[in-house]
Every structure is written in structure tokens, then in C-alpha cells.
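Colleague: Provided herewith is a single structure, encoded as C-alpha cells, for subsequent inquiry.
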Amino acid sequence: MRLDGNRRTMRGRTPRLTAMIALVTGAVVVAAGCSSSASKSKTTSDSGKSTTVSISLTPQGCAPKPAKVAAGDVSFNVTNKDASAVSEAELRTSNLSKILGEQENLTPGLAGGFELTLQPGTYKINCPGASQQHWTLTVTGKSTGPSWESNPKLASAVRGYTTYINQQTADLVSSSQTFCKTIDAGNLNQAKILYPRARVYYERIEPVAEIWGSLDTEIDGRWENPVTVESQFIGFHRIEQLMWSDNTLKGAPALCAGLMKHEQQLLTLVKSAQYNPLEMTSGATDLINEAATSKISGEEERYSNTDLPVFKANVDAAMEVVSLLTPYLQTKDPGLLTQIKQRNAAVLTALSKYQASPGYDDTGYVEYSTVLDTQRRQLSSSVNALAEALSQTSTQVGAA
Amino acid sequence: MADELTNGDGHDGKPGGPSRRGLLAGAGLFGAGAVAGGLGGYFGHSGGGSAAANTSDVVGDSNQTIPFYGTHQAGIATPAQDRLAFGSMNVVSGTSRSDLRDLLKDWTTAAARMTAGQLVGEDTQPYAPPLDTGEAVGSPVSRLTITVGYGPSLFDGRFGLAGKKPAALAQLPALPNENLDPDYTDGDLCVQACSDDPLVAFHAVRNLARIGMGVVEHNWMELGFGRTSTTSTSEATPRNLLGFKDGTRNIKAEQTELMDKYVWTGAESGQEWFHGGSYLVARKIRIFVENWDRDYLQDQEHVIGRSKVAGAPLSGGTEFTAPNFAKKSSTGLGPAIPMNAHMRLASFEHNGGVRILRRGYSFTDGIDPQRGTLLGGLFFIAFMQNPSQFIKLQNSLAADALNEYIQHTGSAVFACPPGLKQGQSWGDTLFE
């Protein structure tokens with residue numbers, strides 16, 4: 001599967017959450033991918049009947065017949081009679097960002113297909129190689145909501161999470177604008193100070209940003225992981241490399257303009273995203289995993305050595321999830337909640353050893369390269385203990 | 001140990017002949033007077049008498065040998081043994097073409113002996129360093145195979161081999177989700193030793209490296225402690241460190257048509273000497289096991305595309321039921337096997353039919369000095385007719401849900417020559 005054309009744009013950690021969060025495209029809930037099923041939502045159609053959509057691959061395209069179906073189980077029958085340049089049909093979200101199902105490798109004479117349960121909304125059939133590549137499929141009817149919504153504590157937590165993500169993303173955009181203005185003005189020293197201040201917002205929303213794998217790579221992709229093509233190394237970390245490794249702002253304004261464009265796209269997408277409690281806890285664990293893996297090793301901010309403030313941002317955002325779920329967890333597993341809070345306190349204590357004022361590049365922390373391996377292990381140990389406790393929260397919310 | 005020594009049936013009656021170095025000559029072991037009878041280092045196949053009795057807790061016949069000579073090198077289609085020792089070596093500067101050729105002859109002699117359950121050489125000289133390092137004395141041969149491969153750099157002109165380079169032998173291009181450690185990358189030569197006994201596998205690589213001293217030196221080395229693939233219908237599917245069955249859909253040696261199509265090289269390799277060989281791709285893949293262990297069960301299964309315990313595809317059935325990638329999830333959310341599931345993206349159905357023979361092992365290098373977490377994962381080895389097969393698969397895996405938990409940290413490609421006839425040595429056809 002090539003999510004976005006032929007580019008290797010998927011970041012390493014991206015795909016799982018990609019599949020975990022039901023996207024809203026317009027007013028449409030697209031239950032895509034895998035893990036959301038943990039919420040035990042009932043999304044099959046009322047009738048239980050399956051509708052069939054026939055797609056014939058031709059040099060001209062892949063028109064679905066019919067082009068409008070009722071929500072529920074849909075079988076896609078794909079045939080290729082004699083189209084040599086077209087060999088696959090994908091069902092994508094209306095903004096084309098996600099593949100929901102596909103039939104590949106249909107050379108002339110072959111037939112195949114796939115099945116999906118579709119919520120109401122607009123979708124695109126995509127057939128690369130055809131003269132008209134994108135075709136619209138409309139799904140009508142009523143959508144069905146997941147069962148956790150009837151739990152007021154969980155519903156409230158999800159609302160709070162939505163607000164938090166929206167706010168952090170808006171702050172990411174505004175702080176990046178300030179950062180980019182400084183770059184445009186050619187003030188390298190000030191830009192170095194503003195870089196981590198913009199980064200922290202991204203590090204709080206990253207599990208959500210990863211839903212849109214290509215955007216995550218465009219904003220936050222690291223060299224070699226996953227970007228291995230120079231022209232695709234364009235986001236925060238390319239600018240970081242210029243400023244710290246090359247000690248220049250040459251080329252940075254154009255990169256910053258691209259960064260702003262991608263952040264604006266992210267903001268638009270985030271505004272219409274929907275989440276569930278399991279995604280919240282899983283995302284929180286992912287944030288701490290990230291702190292324990294790429295921050296501890298210094299891989300993430302390898303040019304600037306500003307790993308400590310972003311490490312703190314990962315932890316903060318994970319604990320925000322805990323805070324939002326506290327009313328629920330307090331009734332379900334108060335012992336776990338206590339353990340998480342104790343372990344978070346231990347992380348903050350370990351981290352406080354590296355606080356400084358004003359600190360390296362005014363970050364409030366020392367330069368990460370001065371933190372020795374033995375000290376990193378202490379940080380790692382505390383943050384792994386927190387992650388271990390956090391990962392237990394999915395047991396409670398997933399069963400709701 | 002002493003009992004085993006004196007009771008071994010020792011198949012040492014077929015010496016490889018004294019080598020140029022004299023390393024392999026001699027008879028008798030550890031003071032000949034003290035020990036009577038056949039004195040093999042580790043015991044040969046069948047009829048081992050009390051030797052077999054000492055290993056009765058080992059499943060299968062631990063005295064079983066795998067023939068060293070044959071159409072293809074052993075250790076590729078051979079049912080995967082439990083343990084691995086893998087050495088990547090570089091030729092030291094100043095080595096001549098004939099030095100290298102002589103080394104390959106000596107290696108052939110030693111490998112033929114060791115895989116037959118014999119010591120590298122019999123030691124009779126009390127004042128000479130022992131010819132065999134000795135640690136495998138008394139250990140059953142346990143299906144030892146020794147497989148040799150040549151890296152792209154061996155053909156760089158130092159040894160007049162530039163014109164002998166197989167068409168597709170080259171360093172791999174940059175691939176998704178890798179962060180390669182130069183200390184675990186590439187090599188002029190490789191030695192893959194596999195056995196059901198870890199000591200026997202290690203002993204083989206150690207002794208070949210010792211024989212090669214002055215001509216080759218270790219570039220890197222890895223030990224594998226549990227096979228992660230099944231390469232034969234006679235084997236049960238093992239599990240990797242993710243806790244999942246691995247290699248369910250691997251090519252099996254019994255599928256000779258697939259072996260010919262996807263594993264063995266032929267005329268397309270562009271080199272006569274390489275017909276009947278295979279490309280070996282090695283990838284050291286770190287698994288961030290602590291992060292993985294925190295993921296909830298259902299998500300782990302969605303990441304892989306299979307149930308954890310039974311190993312059945314999420315589209316239903318049992319382990320060996322063919323996956324139905326088109327089937328929708330029973331809970332109605334997307335396909336049963338998610339679009340970014342590892343097994344979907346790695347499947348031949350998703351890759352234009354492309355397959356490889358996987359033959360990897362779990363490994364650990366201890367603890368990460370910075371993170372305090374496990375430095376371990378999968379030492380991936382695969383054999384194929386052309387490295388482009390692996391490149392295609394790995395590019396498909398750019399979108400793999402598993403990437404969140406793994407990182408490729410080492411990489412190498414080698415051309416493993418075809419098997420040898422009795423009397424032939426590695427390098428004979430290469431240096432013609």
C-alpha cells in the first residue's frame with residue numbers, strides 16, 4: 001500500500017493510530033482501520049443486508065455502480081476486462097488521505113473485491129493510471145455511535161481531550177508563526193530560542209497528528225526515520241539541522257513556509273477529528289514510549305540537543321489524559337490512579353535535576369548532550385515505570 | 001564430559017588432508033595415551049552409544065548431521081536449526097588473491113569436518129596450541145551447517161574479482177525505518193553457522209575466524225538464540241520476541257518450484273560460478289520490547305494481522321488458513337486484517353507475488369546503556385534470487401503498523417555460492 005502516491009511518507013510510529021481514530025470527514029464518521037473495534041461499537045446497518053457495488057476498471061476510470069448506497073455492509077466487486085494501465089481500485093476518505101479498502105494486482109481478465117461496513121458520507125474510489133482517477137461514492141443513512149458515549153464520565157473526558165488537542169494545535173500554529181517570523185528576519189539566535197517553544201506543542205499532540213501519516217512526516221520527520229530522500233526532509237528537524245549543524249538560516253524561510261502550510265492543514269483536519277477513550281489512553285502510552293525511546297537516546301533533537309523540554313511535553317500531555325479520565329478511573333481503579341500519580345512525581349523529580357535558569361537556549365533545562373548515559377538511564381527508568389502503569393488504563397476504558 | 005569423550009564414536013576416519021597451514025593435520029587428542037579409540041570432538045551421526053544417552057533430553061536426534069556437500073550450500077533449505085552464530089568478516093589489507101583462495105580452501109576442509117561432527121584437527125603436540133579450540137568437545141553436532149557468502153566489497157578489485165561480481169550484488173539502498181549502526185553493517189565475507197546447540201554453532205564461527213587470522217578479521221558478529229522462521233513443513237512455527245508465530249507463510253524447502261523461482265540463482269545472476277547460489281540479506285532489527293509489551297492485546301493482533309496465541313489470520317480460520325484480505329472486520333470497522341497490518345503489507349499478494357525464504361533468529365546484545373532497556377530483537381536473515389525482492393518488501397513495509405516498535409539497525413548483503421562436490425573448495429569456481 002502506498003498511502004500517498006509512491007512516497008515513503010509514513011513515519012515509523014504512524015500507522016497504528018492512523019487506524020485507531022475514527023475520522024470525521026465533513027459530517028461523516030469514517031470508521032477506518034482496526035482498533036476502534038475495541039469500543040465494541042455497533043456500526044453494522046440496521047437491516048444487516050449487504051449492498052453490492054460493482055467497479056469495472058477501464059482506461060477511463062473506475063465508476064462505482066451504483067454511485068449511491070445505503071450505510072452498512074458493502075461488497076465491492078472489482079473487475080478488469082481489458083484495462084492494461086489500471087490494475088487497482090481503492091476506497092478512500094473524501095479528502096483522499098486514508099485508504100479504507102483496496103483490491104490490487106488486477107490485470108486484464110481478473111476480478112476481485114473487498115468488503116467494508118460504511119458509515120454515511122462521501123468517499124472516493126481511486127484507480128491510479130486511469131484518465132479519471134477519482135470517482136465519488138455516496139453513502140446515505142444514519143450513523144451509529146459507540147457505547148462509551150452513554151457513560152457521562154467517558155463522554156466528558158473525550159470532550160475535554162478534543163478541546164485540549166484543538167487548543168494545543170492552535171498554539172502550535174501561532175508559536176510556529178512567531179518562530180518563522182524570526183527566521184524571516186534573519187535572527188538566528190532568537191530562532192534557536194523559539195524552536196523548542198514551538199516544538200513542545202507538537203510533542204503534546206503527536207499521537208493525533210500521526211493519524212495523517214504524511215503530514216506527521218512533513219512536519220516532524222527525522223532523517224533516516226523515516227525520511228531517506230533529501231528532498232523529503234523538510235520539517236522542524238530539517239530547520240533544526242540548518243540552525244545548529246550548519247549554523248545558518250539560508251534556506252530556512254522557505255522551509256518554514258512549508259512547515260506553516262502543513263501545520264495549517266493539520267489544524268483543519270484536527271478540528272473535525274473525533275476520538276474515543278481507548279485512543280486517549282493508547283495515545284498517552286505512546287507519548288511516554290516516545291519519551292522513553294527517542295528522547296532518552298537524543299535521536300529526536302539530535303542537532304539542537306533540546307530534548308529535555310520536549311520530553312517534558314510528552315509527559316505533560318500523557319498526564320493531561322490521566323487528568324481527564326480521573327473521574328472515571330477513580331471509580332474503576334483508584335489504586336492504579338495513585339500509582340500513576342506517584343510514578344509521574346518520580347519522573348518530575350528525576351527531570352528536575354536538569355532544570356536550569358534560564359537554561360540552554362532559554363529552555364529552562366540544561367543542554368541534553370551534557371546528560372551522561374548513567375543519568376539518562378535514571379530518567380529512562382522512571383519514565384518506563386510511568387509508561388508501564390499508564391498502559392494499564394486501557395484495560396478499564398477499553399472495556400467500557 | 002570426560003565420559004562422553006571416551007565413549008564417542010568419533011567420525012574422524014575421513015580427514016580433510018593436511019592443509020597448507022598444517023592446521024588440520026594430526027591424529028589423537030589431548031594426550032593420545034589417555035584416550036582410546038575414535039576421538040571425534042563432537043559426535044557424529046547415529047549409533048552414538050552412550051553419547052546419545054547423554055543427550056536423551058534433546059528433542060530429535062542430536063547426533064544428526066546435515067550433508068556438507070550437495071547442489072546447494074546447506075543452511076539455506078535445511079530445516080531451520082534452533083541456534084545461530086553469524087560472522088561478518090573483512091579481508092585485512094595486504095592480503096593477496098592467493099591468500100584468500102587458500103583461506104577458502106582451509107575453511108572448506110574445516111567446515112566439512114565440523115559439520116560431520118569432527119574436530120577441526122586432532123591434537124597430538126603437547127607444546128603446540130591446540131588445533132581445535134575445544135569448547136564443543138562432547139557436544140553433539142546437532143545438525144550443524146556452515147554457509148559462506150561473499151559481500152559486494154569482495155569484488156572491488158583487490159583480488160581481481162571485479163569481473164566476477166553477480167549482477168545484483170550491491171549494498172542495499174536507504175530503506176524505511178532504518179537507523180544503521182556502521183558497527184553492524186556490511187562485510188567482505190560472511191559465515192553463517194546454524195545448529196540446534198548454541199555452543200556448536202559458536203564454535204564453528206570461532207574456529208573459522210581463528211583459521212582466517214591474518215587474512216580476515218571480524219567486522220561484526222551476532223548470536224541467535226531461537227529460530228523465528230520455519231523453512232520446512234516438518235517444523236512447527238516458532239515465535240519471535242513479539243510473542244507471535246513468525247514465518248507461517250514462509251517458503252518451505254519442500255516447495256521446490258518456489259525455491260527455484262524465488263531463492264536459487266541461475267543464469268539471471270550473470271555469473272556462471274553463482275548458479276545454484278542465493279543472495280543472503282541480513283538485517284539486525286531492534287524490537288523495543290518494553291513499548292510493545294505495553295500495547296493491549298487486541299492492538300498487538302491488529303498490528304500483526306494475526307491472533308497472538310493461535311497465529312490465525314484475523315480474517316478467520318487456523319494458523320495455515322489463507323488470509324482473506326478483502327474480508328471486513330466482524331465489528332464492522334474496516335477490513336478484518338487492517339490495511340497497515342504487518343502480515344498484509346509483507347504478503348506476496350500485496351507485493352506482486354514476491355517471496356523470500358526467511359531464516360531469522362531472535363537475538364540480544366544485552367542492555368541499552370542509555371535507555372536501560374533491552375538491546376535485542378530479530379536478527380533477520382533471508383535468502384532470495386535477487387536482493388530486489390527484499391527491497392520491494394521493505395519498501396512496502398514503510399506503512400507497517402509494526403514500525404512503531406522496531407528499528408532496523410544493521411544491514412548486509414552476501415552472495416552465497418552454490419554447494420560443493422566432494423573434493424571441491426569454496427572459491428574454486430570463483431577464482432577460476
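Just so you know, all these numbers are worked out from the coordinates, no wet-lab data involved. A quick note: this is a predicted structure, and the numbers were derived from the prediction, not measured. No Cβ is skipped: glycine too gets one built from the backbone with ideal geometry, and neighbour counts run over all protein chains shown.
Colleague: Give the span of chain A's Cα atoms along each principal axis, as three whole-Å numbers ordered largest to smallest.
Modeller: Reported extents, whole Å, longest axis first: 68, 55, 32.
Colleague: Next question. Once all Cα-Cα distances of the protein assembly as shown are split into 10 Å bins that start at 0, what whole-number percent is in each one?
Modeller: In order of increasing distance, the bins hold 2, 12, 20, 22, 19, 14, 8, 3, 0, 0 percent.
Colleague: Can you give the convex hull volume per residue for the Cα atoms of region A:88-167, as a whole number of Å³? All intermediate terms of the calculation are to be shown ahead of the outcome.
Modeller: Numbers: hull volume 10.8 nm³, N = 80.
Taking only Cα atoms, region A:88-167 has a hull volume of 135 Å³ per residue.
Colleague: Which order do B:203, B:218 fall in if you start with the one that has the fewest other Cβ atoms within 10 Å?
Modeller: Working: B:203 27, B:218 16.
So the ranking, lowest neighbour count to highest, is B:218, B:203.
Colleague: Additional query: If we restrict to alpha carbons, what Rg and Dmax does region B:273-322 come to, in Å?
Modeller: Final numbers for Rg and Dmax: 16.7, 51 Å.
Colleague: In square nanometres, what is the average projected area of the Cα convex hull of region B:189-288?
Modeller: Orientation-averaged projected area of the Cα hull: 8.7 nm².
Colleague: State the percent of C-alpha pairs, over all pairs in chain B, separated by a distance greater than 42 angstrom. Please list the in-between numbers first.
Modeller: On the way: 15046 of 93096 pairs.
When all Cα pairs of chain B are counted, 16 percent exceed 42 Å.
Colleague: Quickly estimate the mean residue ellipticity at 222 nm for chain B, helices only: each DSSP H run with n ≥ 4 gives -39500 (n - 2.57), and the total goes over all residues, rounded to 500. Display every interim value, and only then the final one.
Modeller: Values: 9 runs with 76 residues, N = 432.
That calculation yields -5000 deg cm²/dmol at 222 nm.
Colleague: With the calculation restricted to Cα positions, what are the radius of gyration and Dmax of region B:292-378 in angstrom?
Modeller: Looking at region B:292-378, its Cα Rg and Dmax stand at 15.6, 45 Å.
Colleague: Compute the Kirkwood hydrodynamic radius of region A:297-400, taking the inverse of the mean of 1/r over all pairs of distinct Cα atoms, and give it in Å to one decimal. Provide the component values of the computation, followed by the final result.
Modeller: Values: mean 1/r = 0.0677 Å⁻¹.
Hydrodynamic radius (Kirkwood, Cα only) of region A:297-400 equals 14.8 Å.
Colleague: At 37 °C and 0.692 mPa s, what whole-number value in µm²/s does Stokes-Einstein give for the translational diffusion of region A:43-144, with Rh from the Kirkwood sum over Cα pairs?
Modeller: So the translational diffusion coefficient is about 245 µm²/s.
Colleague: Using Cα pairs under 8 angstrom and six or more residues apart, how large is the relative contact order of chain B, in percent?
Modeller: Working: 1033 pairs, mean separation 92.4, N = 432.
Relative contact order here is 21 percent.
Colleague: With springs only between Cα atoms under 10 Å apart, run a GNM on chain B and tell me which of B:366, B:247, B:160 wobbles the most.
Modeller: Among B:366, B:247, B:160, the largest GNM mean-square fluctuation belongs to B:366.
Colleague: Could you give the semi-axes, largest first, of the ellipsoid that matches region A:85-237, computed as the square roots of 5 times the alpha carbon gyration tensor eigenvalues and rounded to whole Å?
Modeller: Details: eigenvalues 273, 138, 31 Å².
Working through the eigenvalues yields semi-axes of 37, 26, 12 Å.
Colleague: Taking the Cα atoms of region B:280-424, report the difference between the largest and smallest coordinate on each principal axis, in whole Å and largest first.
Modeller: For region B:280-424, the Cα extents along the three principal axes come out at 62, 41, 26 Å.
Colleague: What value in Å³ per residue do you get for the convex hull of the alpha-carbon atoms in region B:108-181? If you can, show how the numbers build up before the last one.
Modeller: Numbers: hull volume 16.4 nm³, N = 74.
With only Cα atoms used, region B:108-181 gives 221 Å³ per residue.
Colleague: Shape call for region B:335-416 from the C-alpha gyration tensor, a ≥ b ≥ c root eigenvalues: rounded (a/c under 1.5), prolate (a/b greater than b/c) or oblate?
Modeller: Values: a/c = 2.55, a/b = 1.30, b/c = 1.96.
In terms of gyration-tensor shape, oblate.
Colleague: Here is a further query. Would you mind checking A:98/A:142; A:261/B:284; A:142/A:271; A:261/A:312; A:271/A:312 for any pair whose Cα atoms are more than 28 angstrom apart? It would help to have the intermediate numbers written out before the result.
Modeller: Values: A:98/A:142 22 Å; A:261/B:284 37 Å; A:142/A:271 22 Å; A:261/A:312 26 Å; A:271/A:312 25 Å.
Those over the limit are A:261/B:284.
Colleague: Please report how far the C-alpha centroid of region A:261-308 lies from that of region A:184-233, rounded to the nearest whole angstrom.
Modeller: Using only Cα atoms to place each centre, the spacing works out to 11 Å.
Colleague: To one decimal place, what orientation-averaged projected area in nm² is obtained for the convex hull of the Cα set of region B:52-148? Don't jump to the answer; show the numbers that get you there.
Modeller: Values: hull surface 34.3 nm².
The orientation-averaged projected area of the Cα hull of region B:52-148 comes to 8.6 nm².
Colleague: For chain A, calculate the relative contact order in percent as a whole number, restricting contacts to Cα pairs under 8 Å that are 6 or more residues apart.
Modeller: Values: 741 pairs, mean separation 66.1, N = 400.
Relative contact order comes out at 17 percent.
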